[in-house]
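Engineer: Questions regarding the structure given below will be posed in turn.
Coordinate-derived values only; no laboratory data. Predicted model, so just to flag it, every value in this text is computed and none were measured. Here the Cβ is made from the backbone with ideal geometry for all residues, glycine too, and neighbour counts use every protein chain on show.
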Amino acid sequence: MKGNIYVTQPSMPSYEEYCEAIRPLWESRWLTNMGDMHNELETRLCGILGSPQTVLFTNGHLALEAAIQAFGFPRGGEVITTPFTFASTTNAIIRSGLVPVFCDILADDCTLDPGKVEALVTERTVAILPVHVYGHICDVEALGEIARRHSLKLIFDAAHAFGTSLNGTPVGAFGDASMFSFHATKVFNTIEGGAVCVRDESLRRRLDDLKNFGIRDAETVVCAGGNAKMNEFQAAMGLCNLRHFEQERSRRAALVMAYRERLTGLDGITLPLPRKGTEANYSYMPVIFDGWKRSRDEVAARLAGEGIFARKYFHPLTSSYPFCSGGAVTPVAQHISENILTLPLHSGLGVEDVERICEVL
Ligand code: T4K
């Protein structure tokens, strides 16, 4: 039997390249707390993500919690969001003392449906928190317009969207804040890691406080912040991986094209795609099995039998978690969640692996 294939695999520099990158840490003995590599990575990411302010965090989830908490919303405020996401999105809202209000998604690209947002706005609504799921950039214009009309903050979960842009505008430029994940499984990784992009200098200051105990200097603590700093080993991995990101993107693009060639136009298979004008990062390969010869679950089981581990990103909907109040009506999200499978996609695969996977399908 050939080797197992997993949904993803971290992209990594060579062992030698990483060792070379971390060598200075043995000389400086400066390992964390906003070291040189941390600061260099922040500066580099501002350009790539299209944001004047980028604040690094130890992981994407804590970055998202800080992005929400930086606005100082009143406890119990409502946040309109998608249930078609990783647990982190919904949990970050709840852990910040706010209430997720679930809105349905678009069938084409699985992002929040702006046409259904406004009906959910109440006097308690404080923010809209959409997800650029699979790196598919949301309808940022329509969502921005709704947020402006109702004086709401627009906070994007851009965990999947590193390196994407819409009509030439990098994704970190949209909304009041955007959170990125640099987890090992992401298209660009710092082992664990994350960042928040904001435009406003005072918000940046607030994010810096939240990730470092609220400490401004040795004798000044301005708020009850926690510890969510990215260390130098993570930042070094990020600086190395940045050098190879475009190569990673183009290898993945070739695999996605190979998948699309084989799967497009098949009865019962739908491929959600990013909107027109998107420069994609090819982070995931989602496929909806709707009216296919076998159900999504049967396909997943058959693939697993062949050592191919696709994942049901995202099933179940986060609105079904026992700690979320029920009653969300999101039929499109429900249907997609029951029928979607994300197929293996990473630069360690070759077109022959895609062929093998498609043969099993
Ligand atoms: N918002 C959204 C929309 C997100 O998707 C995420 C994270 C977040 C927020 C929060 O960001 P972080 O705090 O994580 O930075 C994985 C990732 O752990 C998670 O980061 C990601 N989303 C989610 C979509 O996928 P799992 O539970 O599926 O991971 P796991 O351990 O099953 O790994 C998936 C596959 O990756 C494995 O089958 C094999 C491979 N793998 C994994 C790891 C950890 C490796 O080859 N090497 C590795 O080191 O969540």
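Engineer: Specify whether the C-alpha gyration tensor of the range 66-203 places it in the rounded, prolate or oblate class, a ≥ b ≥ c being the square roots of the eigenvalues: rounded for a/c under 1.5, otherwise prolate if a/b is larger than b/c and oblate if not. Show your work: numbers first, answer last.
Structural biologist: On the way: a/c = 1.44, a/b = 1.24, b/c = 1.16.
It is rounded, given that a/c, with a ≥ b ≥ c, falls under 1.5.
Engineer: Moving on. For the range 69-126, max minus min Cα coordinate along each principal axis, in Å, sorted largest first?
Structural biologist: Over the range 69-126, Cα extents along the principal axes are 34, 25, 15 Å.
Engineer: Something else now. Restrict the search to the range 96-169; then list the GluC sites (Glu not before Pro) that DSSP places in a loop and that have at most 13 other Cβ atoms within 10 Å of their Cβ.
Structural biologist: For GluC sites (Glu not before Pro) across the range 96-169 that sit outside H, G, I, E and B with at most 13 neighbouring Cβ atoms in 10 Å, the list reads 123.
Engineer: With a point put 7 Å past each Cα toward its Cβ, work out how far residue 352 is from residue 14 in nm, to one decimal.
Structural biologist: Roughly 2.4 nm, to one decimal.
Engineer: Which aspartates and glutamates, on any chain, are close to residue 276 with Cα under 12 Å apart, when same-chain ones fewer than 8 places away are left out?
Structural biologist: Cα-Cα hits under 12 Å: 108, 109, 139.
Engineer: Can you pick out the pairs among 116/211; 116/229; 186/229; 211/312; 229/312 whose Cα atoms lie more than 27 Å from each other? If you can, show how the numbers build up before the last one.
Structural biologist: Working: 116/211 34 Å; 116/229 37 Å; 186/229 19 Å; 211/312 32 Å; 229/312 31 Å.
Beyond 27 Å between Cα atoms: 116/211; 116/229; 211/312; 229/312.
Engineer: Write down the percent of antiparallel bridges among all DSSP beta bridges whose residues are both part of the range 92-249, to the nearest 5.
Structural biologist: Values: 11 of 17 bridges.
Within the range 92-249, antiparallel bridges account for around 65 percent of the total.
Engineer: Could you give the length gained on full extension between residue 185 and residue 87, defined as 0.36 nm per residue of separation minus the Cα-Cα distance, in nm? Walk me through the intermediate numbers first.
Structural biologist: Numbers: separation 98, 0.36 × 98 = 35.28 nm, distance 1.54 nm.
Full extension of this stretch gives 33.7 nm more.
Engineer: Check which residues have an amide H placed less than 5 Å from residue 7's amide H, if you skip close sequence neighbours.
Structural biologist: 309
Engineer: What does the net charge come to around residue 54 if you take all other residues with beta carbon closer than 15 Å to its beta carbon, with K and R at +1 and D and E at -1?
Structural biologist: Details: positive: 44, 199, 204, 205, 206, 211, 229; negative: 40, 42, 176, 200, 201, 208.
Summing Lys/Arg as +1 and Asp/Glu as -1 gives +1.
Engineer: Ok, one more. In square nanometres, what is the average projected area of the Cα convex hull of the range 149-251? Working shown, then result.
Structural biologist: Numbers: hull surface 34.5 nm².
Taking the Cα atoms of the range 149-251, their convex hull projects to 8.6 nm² on average.
Engineer: May I pose another question? Between the range 175-222 and the range 289-354, what is the separation of their alpha carbon centroids in Å?
Structural biologist: Using only Cα atoms, the two centres lie 31 Å from each other.
Engineer: Looking at the chain, send over the antiparallel percent of its DSSP beta bridges, to the nearest 5.
Structural biologist: Values: 25 of 41 bridges.
About 60 percent, rounded to the nearest 5.
Engineer: Let me ask something else about it. To the nearest 20 debye, what is the magnitude of the charge dipole of the chain about its Cα centre, counting +1 on the Cβ of each Lys and Arg and -1 on the Cβ of each Asp and Glu?
Structural biologist: On the way: 34 positive and 42 negative charges, 64 e Å.
Dipole size: approximately 300 debye.
Engineer: Please identify every one of the trypsin sites (Lys or Arg not before Pro) in the range 25-79 that sits in a loop by DSSP and has no more than 16 other beta carbons within 10 Å of its own beta carbon. Don't jump to the answer; show the numbers that get you there.
Structural biologist: Values: sites: 29, 44, 75; in loops: 29, 75.
Qualifying residues, ordered by number: 29, 75.
Engineer: Trypsin sites (Lys or Arg not before Pro), restricted to the range 200-309: which are DSSP loop and have at most 12 other Cβ atoms within 10 Å? Show your work: numbers first, answer last.
Structural biologist: Numbers: sites: 204, 205, 206, 211, 216, 229, 243, 249, 251, 252, 260, 262, 275, 276, 293, 294, 296, 302; in loops: 229, 275, 276, 293, 294.
Qualifying residues, ordered by number: 276, 293.
Engineer: Just for the Cα atoms in the chain, what are the lengths along the principal axes, largest first, rounded to whole Å?
Structural biologist: Ordered largest first, the chain gives principal extents of 66, 56, 38 Å.
Engineer: Next up: Report the full-extension gain for the segment residue 43 to residue 264: residue separation times 0.36 nm, less the Cα-Cα distance, to one decimal in nm.
Structural biologist: Gain in length upon complete extension: 75.5 nm.
Engineer: Amide H to amide H under 5 Å from residue 105: which residues, 5+ apart in sequence or cross-chain, H placed 1.01 Å off N in plane?
Structural biologist: 113, 332, 333
Engineer: Taking other Cβ within 10 Å of each residue's Cβ, how do 217, 113 sort, fewest first? Before the final figure, lay out the partial values.
Structural biologist: Working: 217 6, 113 22.
Fewest-to-most Cβ neighbours within 10 Å comes out as 217, 113.
Engineer: Does the range 221-361 come out rounded, prolate or oblate, given a ≥ b ≥ c as the square roots of the eigenvalues of its C-alpha gyration tensor, rounded meaning a/c under 1.5 and, failing that, prolate meaning a/b above b/c?
Structural biologist: Values: a/c = 2.06, a/b = 1.20, b/c = 1.72.
Because a/c hits 1.5 or more and a/b fails to exceed b/c, the range 221-361 counts as oblate.
Engineer: Another question, if that's okay. Could you give the length gained by full extension between residue 169 and residue 32, i.e. 0.36 nm per residue of separation minus their alpha carbon distance, to one decimal place? The partial results should precede the final answer.
Structural biologist: Working: separation 137, 0.36 × 137 = 49.32 nm, distance 3.22 nm.
Length difference between fully extended and current span is 46.1 nm.
Engineer: Fewest first, what order do 321, 15 take by the number of other Cβ atoms within 10 Å?
Structural biologist: Working: 321 15, 15 8.
The order, fewest Cβ neighbours first, is 15, 321.
Engineer: Using a Förster distance of 41 angstrom, determine the FRET efficiency expected from the C-beta separation of residue 123 and residue 276, and round it to 0.05.
Structural biologist: Working from the Cβ atoms, E equals 0.70.
Engineer: In deg cm²/dmol, rounded to 500, what helix-only [θ] at 222 nm does the chain give when every DSSP H run of at least 4 residues adds -39500 (n - 2.57) and the total is split over its residues? It would help to have the intermediate numbers written out before the result.
Structural biologist: Working: 10 runs with 129 residues, N = 361.
-11500 deg cm²/dmol, from helical runs alone.
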